[in-house]
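This report refers to the structure that appears directly beneath it.
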Amino acid sequence: MKSYVVGNWKMNFSVGESSVYLHKLLQRTHAYRDIEVIVAPSLIALQPLSLQIDRKKIRLAAQTANPHDFGAFTGEVSFTQLRGIADYCIIGHSERRHLFHESDKQIRSSVASALRNQITPILCIGETDTERTFGETYDVLRDQLLGGLSGVSAEDITKVIVAYEPVWAISTTSDARLASPDEIASIIQFIRQTLNEHFGQEVGENIPILYGGSVKPTNAGAYLTVPGVNGLLIGGASLIADQFTEIIEIAKKVKS
Ligand code: PGA
């Protein structure tokens, strides 16, 4: 299986800055067959960047999209409209779930719409600090995982990527708040087991599972060597060319 290094730029960079930054990344990134590098710029930059990108090196992802194909949904952009522009879409990121109140039902429609439009969904799941404190982590993750993927056909499930991002470990500056590789290992095993139970082992074992939550060059190697982790979803560090390209090189080293 390939390793994935995904940069989530969130609501950062103007269109011009995005283009300059992508140019820098393209210069520094090699085309590795076994590493898929993906960046998710803000929506307004996606289309111009799609004309600039070298897809052998880097692919584009959207950060969200509306599951309806067309219609009276003021302010929204659909997966249908993103077809041919983005190859991937981050779906159900914790910021979408918590700040924009996206439900599992909406997230499930988005996964279906992405697949219908040949866009690979990167389904994010993760427990909050409170849920973790109350011992609800596994229940929350099962609900989000199956809530997002139920109804996906046996054929389409092979095109899905899952990202585990504990909400309490996102964008933290304190080392004490980082998730430990051991903790991640048991959760990844649980996610894998849940996928295997629902979609069959042959399929479940081949669904990429990424880790995200304050990934930096200093911890990327440790996270990438957690059994069952197939890549990283990176926020803050993906905005700094040196750090993002260093993480790509770490992923390459771990792979070989
Ligand atoms: P972070 O963000 O790397 O800044 O923690 C990760 C994410 O929110 O996807």
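The condition (being under 22 Å from Leu99 (Cβ atoms), in contact with a helix residue (DSSP H, G or I) (Cβ under 7 Å, 6 or more places away or on another chain) and at pLDDT below 95) is satisfied by just one residue among Ala237, Ala179: Ala179.
Condition check for Glu127 on (1) open to solvent by less than 20 Å² (accessible area, probe 1.4 Å); (2) acidic (Asp, Glu); (3) away from the ligand (no atom under 16 Å from the Cβ): one failure, at (3).
Do we find a residue being farther than 26 Å from Leu146 by Cα and either among the hydrophobic types (A, V, I, L, M, F, W, C) or in contact (Cβ under 8 Å) with a residue 12 or more places away in the chain (or both) anywhere in the range 202-218? Within the range 202-218 (the criterion being farther than 26 Å from Leu146 by Cα and either among the hydrophobic types (A, V, I, L, M, F, W, C) or in contact (Cβ under 8 Å) with a residue 12 or more places away in the chain (or both)), the answer is yes, since at least one residue qualifies. Suppose the filter is under 15 Å from Met1 (Cβ atoms), touching a Leu at 6+ places or on another chain (Cβ under 7 Å) and of a type in the set (Val, Ile, Thr); does Val215 pass it? So Val215 does not fit the description; no.
The values are calculated or read from the model by the stated rules, or taken from the named source; none is laboratory data. These figures come from a predicted structure and were not determined experimentally. Note that we place each Cβ from the backbone using ideal geometry, even for glycine, and neighbour counts take in every protein chain shown. Accessible surface is based on the protein model in full, side chains and every heavy atom, while ligands, DNA and RNA are left aside. Shrake-Rupley method; radii C 1.70, N 1.55, O 1.52, S 1.80 Å.
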